[in-house]
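Asks: Please see the structure below; I have some questions.
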Amino acid sequence: MFSSVDFLIMLSLPRISISFKYECHIIMQMQYTKKLIPGRFELDTTLMFKEPVPNKVMTGHVIRSETAPNEGSCRVKCYMEPNCVSINMGPLTGGQIKCELNNATAENEFVFDLRTKDAHTYLAIENPCSSSPCLHNGTCQAGFTSKGFRCICLPGFPGTNCEAKSCSDLKKIEPRAESGNYVIDPDGEGGLLPMYDVICDMTDKDGVGVAVISHDSENRTLVKGYDRKGSYSRDIHYTGANLSQIASLTRVSLRCEQFIKYECYHSRLLHSNNKVPFGWWVSRDDDKMTYWGGATENGKCACGMNNTCAKPSLGCNCDKNDKNWREDSGFLTDKTKLPVKQLRFGDTGDDILKEQGYHTLGKFKCYGMA
């Protein structure tokens with residue numbers, strides 16, 4: 001005798017499959033109607049049931065309690081319920097078994113919720129939600145997608161895993177969010193680039209939410225023994241994200257910045273007689289950038305923008321090229337060029353003049369919403 005649900009399943013057109021892992025992967029082929037049986041049936045989805053656990057039940061997570069003619073029908077009921085990831089089955093009484101649908105499995109923090117109960121059986125699916133892939137209090141539902149789960153996100157978190165686009169986006173949605181590590185997805189759901197981890201500083205820039213990305217060249221680093229222009233080269237490798245991912249962050253941010261500094265002793269930076277600089281930085285798109293932090297014009301550092309350089313006719317303090325330690329520093333702010341991909345320097349090869357320099361490159365930061 002078929003129940004009304006079994007009858008509807010058999011009459012419909014598209015096909016699904018449930019694999020019974022402990023029965024040599026016997027496949028139950030069932031038919032269904034989307035309008036009458038929504039949920040996981042929106043896609044061809046496979047649920048893998050684990051070995052049944054006799055004399056055990058999952059407690060505290062029952063979302064629905066029904067009866068079913070047999071174990072297979074109870075499994076189907078779980079398949080039809082989007083939040084079901086395990087079932088408790090009672091003994092056969094009057095031709096029916098008790099079928100309890102649970103929204104958790106006996107894993108991680110819920111392992112102690114599996115309790116002994118005679119003549120009952122606990123059965124769980126291989127639960128992709130056990131790793132808590134849905135962020136910011138999103139609800140994970142097994143099935144639905146090729147990943148094996150989908151996230152039902154709270155308002156304001158549009159990402160596939162309920163991630164925000166940026167730290168400023170997160171701060172707007174969750175004003176009480178504290179500084180720490182967060183997952184962001186600047187190009188959003190359906191984008192080509194994967195989400196990644198950043199540090200969100202929720203106190204900097206008046207608490208707007210600043211994304212901070214570190215790299216391997218933040219320490220003050222000596223440059224010595226490189227005389228030819230740009231002969232010293234330092235590639236910058238960013239932590240947790242590639243340049244394409246970082247570029248997507250710049251597009252959704254209102255402002256981005258990166259501090260850069262060169263300390264010099266008898267070592268020129270941008271000025272030379274043939275207008276080819278001794279030092280420069282390379283943009284994320286491999287452009288040779290011939291201005292320095294705090295400036296926006298080629299051939300100039302911050303002091304060159306307000307005529308305060310050690311030699312007023314030059315654009316940088318280091319270009320005075322004398323026997324004094326000098327410094328050129330400031331923030332780079334063109335988000336279409338940032339972050340810095342490479343640093344290049346020269347004019348540090350004369351041991352008699354003790355030519356040398358030190359470079360420092362700060363963390364990359366983006367904030368605000370474009």
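The values are calculated or read from the model by the stated rules, or taken from the named source; none is laboratory data. Small disclaimer: the values here were computed from a predicted structure and weren't measured. Counting neighbours? That spans all protein chains shown, and the Cβs are built from the backbone with ideal geometry, glycine included. Calculation scope for accessible area: heavy atoms of the full protein, side chains included, ligands and nucleic acids excluded. Shrake-Rupley method; radii C 1.70, N 1.55, O 1.52, S 1.80 Å.
Asks: Out of the residues in segment 187-202 that are open to solvent by 50 Å² or more (accessible area, probe 1.4 Å) and closer than 17 Å to Ser214 by Cα, state the one that is modelled with the highest pLDDT.
Replies: Result: Ile199.
Asks: From the list Cys303, Cys318, exactly one residue is farther than 27 Å from Ile213 by Cβ and under 39 Å from the mean Cα position of the chain (by Cα). Which is it?
Replies: The match here is Cys303.
Asks: Another one. If we keep just the residues of segment 261-314 that are of a type in the set (A, V, I, L, M) and open to solvent by less than 10 Å² (accessible area, probe 1.4 Å), which is farthest from Val340 (Cα to Cα)?
Replies: Initial filter on segment 261-314 (of a type in the set (A, V, I, L, M)): 269-270, 276, 282, 289, 295, 302, 305, 310, 314.
Okay, now just the ones that are also open to solvent by less than 10 Å² (accessible area, probe 1.4 Å), so 269, 295.
Working: Leu269: 17, Ala295: 15 Å.
Applying the filter and picking the extreme gives Leu269.
Asks: Sticking with this structure for a sec: For a quick check of your reading of the model, give me the residue pairs whose first member lies in segment 275-292 and is free of Cβ contacts under 8 Å to residues at least 24 places away in the same chain, whose second is buried (at least 24 other Cβ atoms within 10 Å of the Cβ) and among the aliphatic types (A, V, I, L, M), with beta-carbon atoms closer than 7 Å and at least 6 apart or on different chains.
Replies: Partner pairs satisfying both residue conditions: Thr290/Leu270.
Residue by residue, here is whether (1) outside any loop (DSSP other than H, G, I, E, B); (2) within 20 Å of Lys224 (Cβ to Cβ); (3) touching a Gly at 6+ places or on another chain (Cβ under 7 Å); (4) of a type in the set (Lys, Arg) holds:
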residue: Ser248; (1), (2), (3), (4): yes, no, no, no
residue: Arg251; (1), (2), (3), (4): yes, no, no, yes
residue: Cys256; (1), (2), (3), (4): yes, no, no, no
residue: Lys275; (1), (2), (3), (4): no, no, no, yes
residue: Arg284; (1), (2), (3), (4): no, no, no, yes
residue: Gly294; (1), (2), (3), (4): no, no, yes, no
residue: Gly304; (1), (2), (3), (4): yes, no, yes, no
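Asks: Among Ile236, Ile184, Ile246, Ile152, which is the only one that is more than 30 Å from Ile352 (Cβ to Cβ), open to solvent by less than 50 Å² (accessible area, probe 1.4 Å) and more than 13 Å from the chain's Cα centre (by Cα)?
Replies: Matching residue, one of Ile236, Ile184, Ile246, Ile152: Ile236.
Asks: Still on this structure: What residue, among those in segment 98-125 that are open to solvent by less than 20 Å² (accessible area, probe 1.4 Å) and touching a helix residue (DSSP H, G or I) at 6+ places or on another chain (Cβ under 8 Å), is modelled with the lowest pLDDT? Please lay out each step first, then the result.
Replies: Of all residues in segment 98-125, those open to solvent by less than 20 Å² (accessible area, probe 1.4 Å) come to 99, 101-102, 104-105, 122-125.
Now narrow it down to the ones that are touching a helix residue (DSSP H, G or I) at 6+ places or on another chain (Cβ under 8 Å): 99, 101, 104-105, 123, 125.
Numbers: Cys99: 96, Leu101: 96, Ala104: 87, Thr105: 88, Leu123: 94, Ile125: 83.
Of everything passing the filter in segment 98-125, Ile125 is modelled with the lowest pLDDT.
Asks: When the residues of segment 315-325 are narrowed to those that are open to solvent by less than 60 Å² (accessible area, probe 1.4 Å) and outside any loop (DSSP other than H, G, I, E, B), which ends up farthest from Ser272 (Cα to Cα)? Spell out how you get there, then give the answer.
Replies: We begin by selecting, within segment 315-325, every residue open to solvent by less than 60 Å² (accessible area, probe 1.4 Å); these are 315-319, 321-322.
Checking which are outside any loop (DSSP other than H, G, I, E, B) leaves us with 318-319.
On the way: Cys318: 12, Asp319: 8 Å.
Top of the filtered list is Cys318.
Asks: Working only within segment 226-285, note down all residues that are at positive phi and among the basic types (Lys, Arg).
Replies: Residue satisfying the conditions is Lys275 alone.
Asks: Mind listing whichever residues of segment 99-117 are part of a strand (DSSP E or B) and closer than 15 Å to Pro52 by Cβ?
Replies: Across segment 99-117, the qualifying residues are Cys99, Glu100, Asn102, Leu114, Thr116, Lys117.
Asks: Could you check segment 326-343 and list, in sequence order, the residues that are buried (at least 19 other Cβ atoms within 10 Å of the Cβ), touching a residue at least 60 places away in the same chain (Cβ under 8 Å) and of a type in the set (D, E, K, R)?
Replies: If the condition is that a residue be buried (at least 19 other Cβ atoms within 10 Å of the Cβ), touching a residue at least 60 places away in the same chain (Cβ under 8 Å) and of a type in the set (D, E, K, R), then Arg326, Asp328, Lys335, Lys341 are the ones that fit.
Asks: Do you know which residues across segment 155-176 are open to solvent by 20 Å² or more (accessible area, probe 1.4 Å), modelled with pLDDT of 75 or more and not in a helix (DSSP H, G or I)?
Replies: Within segment 155-176, Lys165, Glu174, Pro175, Arg176 meet the criteria.
Asks: Hey, Arg268 hits all of (1) under 34 Å from the mean Cα position of the chain (by Cα); (2) part of a loop (DSSP other than H, G, I, E, B) but one; which does it fall short on?
Replies: It is condition (1) that Arg268 fails.
Asks: Another question about this same structure. Among the residues of segment 208-233, write down those that are under 30 Å from Ile352 (Cβ atoms) and either part of a strand (DSSP E or B) or touching a strand residue (DSSP E or B) at 6+ places or on another chain (Cβ under 7 Å) (or both).
Replies: Scanning segment 208-233 gives Ser217, Arg220, Thr221, Leu222, Val223, Lys224, Tyr226, Gly230, Tyr232, Ser233.
Asks: Return the pair list, or none, for Cβ contacts closer than 8 Å from residues in segment 232-245 that are within 28 Å of Ser267 (Cα to Cα) to residues that are of a type in the set (Lys, Arg) and modelled with pLDDT of 95 or more, at least 6 apart or on different chains.
Replies: Tyr232/Arg344; Ser233/Arg344; Arg234/Arg344; Asp235/Lys341; Ile236/Lys341
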